Structures are given as structure tokens and as C-alpha cells.
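The values are calculated or read from the model by the stated rules, or taken from the named source; none is laboratory data. Keep in mind that this is a model prediction, so the values were computed, not measured. A quick note on method: Cβ atoms are made from the backbone with ideal geometry, for glycine too, and the neighbour counts reach across all protein chains shown. Just so you know, the surface numbers come from the protein's heavy atoms only, side chains and all, with ligands and any DNA or RNA stripped out. Shrake-Rupley method; radii C 1.70, N 1.55, O 1.52, S 1.80 Å.
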Amino acid sequence: LKLFRDAKRALDGGADELVSLIVKQLNGKDPMSIEWRTGVGALASSSNPAAAAALLALYREPGRTPNEKLSILSGVAAGEGAPAPEWKGTFETALSAAPANPPPGDYAPGGKEPIDANTAATFDPSRSFDPEAAIREASLYALGSSIRKETDTNRRADLETVLWREVKEATTEKAQAMVLEAIGNSGSGTYYSYVKEEFAAGSPQVRAKAV
């Protein structure tokens, strides 16, 4: 925890040289390791634009595994730092790579409960028929958080438009619950009418997310 705080403080203070050092240290690290999670967490929580850009570049790097991508998306969703503007296109790519309304059991074999992409560290690609579905879900949550943290009015509106598309596409209970989770992450009043509607007419699971 002290290492994380020290790294974040230095990044926020403009220590751009630390960004490349962190990225270099992440090379070859297991995404469940303390080193990986500390490095990604520091980049995601910093207000330094160089850290935000580095995190996006890390995600886009060829050969990234689903586990690594989910860990980075989890950092984007949980971190305090404003995301790099280019995340919008990355979110859209991930959201279009898997169905908005997957059939039951689409995440894991044998009809088991879908993998919770909000807890990326638990994701095991060997248990999943479709890693892209888990990445899609994690991207949705990260999209919501990015709306909340985006300070540029135009970029925020663009991100809100992407989430509105997801709202319109969600027809199953699972998809609607995920969209409501993303809306909760966004903290945006833009979706109030939809949340109110789902609270009044949705299933118990959906109503619980709309509260």
C-alpha cells in the first residue's frame, strides 16, 4: 500500500519518467501479482496524463491476455485518474466484439454462473467459452466510471452516447443489470428516466441495480 501511495504521489507530482519505469517493471509480471496490480493501480489512479496514456497503450499492446486486459479495465473502473481520450474507441471495439444480450451460460461451460468481470483477478480463461464476453462486461463498467471522471464536456457527452447505445440494446435481465451497474459507475443524471423506468417495471434483480 505504501508503494502504491508513493508511486501515485510521484506521478501526480509530474514525475513522467516514473511512468516508463512502471511500464517496464510490469513486463512479464503475472496480472495477479502484487507488482502488476500495484503498477496498474498507480497508473489508473494518477491525475498525470502521461500515466493515463501509458495505461491505454498497455491495454492495446499486441499479445495482451484476457486476464491482463481485465485487470487493466478493472483499474480504469476503480482508479481516480481521468482516462485517456482514446479509451472511447477501445471501449466501442470491446463492446462490439461480443453480444449485448448473451444467452445463459455464455461465459462459462456447463451453464455455470457468468464470470464476474468486475473482479478481474478471478477471471480464468480456461473456464470461459468466450473471454470477449467478460472483457465486454468489464469495458462497460470502465465506460461508466470514465464518464464520471471525464472533465471535458464534449468527451463526456461522447462517452454518454456510447452508454446510451448499450442502454437501448439491453433487453435481457443480465444485460439490463450490467447497464444499470455502468450507469451507477457514471454518476450521470442523464440516465435518470431509464433508471426510474427499470426500478418501476424491471425484474427483482434489475430493480435492485436501479436503487
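I'm checking a number: the convex hull volume of the Cα atoms of region 137-211, normalised per residue, in Å³. What is it?
73 Å³
Note down the net charge around Glu86, summing +1 for each Lys or Arg and -1 for each Asp or Glu among other residues with Cβ under 12 Å from its Cβ.
+1
Quick check: residue separation of Lys196 and Trp164 times 0.36 nm, minus the Cα distance between them. What number comes out in nm?
10.0 nm
Taking the solvent-accessible surface of protein heavy atoms with a 1.4 Å probe, what is the per residue accessible area of region 135-180 in Å²?
Here the per-residue accessible area is 40 Å².
Would you work out the charge dipole size for region 130-202 about its Cα centre, treating the Cβ of every Lys and Arg as +1 and the Cβ of every Asp and Glu as -1, and quote it to the nearest 20 debye?
In total the dipole reaches around 240 debye.
Taking 7 Å along the Cα-to-C-beta vector as the label spot, tell me the Asn27-Thr93 distance in nanometres, rounded to one decimal.
2.2 nm
Quote the accessible area belonging to Leu58 in square angstrom, nearest 10, computed with a 1.4 Å probe and with ligands, DNA and RNA left uncounted.
Roll a 1.4 Å probe over it and Leu58 shows about 0 Å².
Order the following by accessible area, largest value first: Phe91, Phe199. Probe radius 1.4 Å; ligands, DNA and RNA are ignored.
Ranked list, largest accessible area first: Phe199, Phe91.
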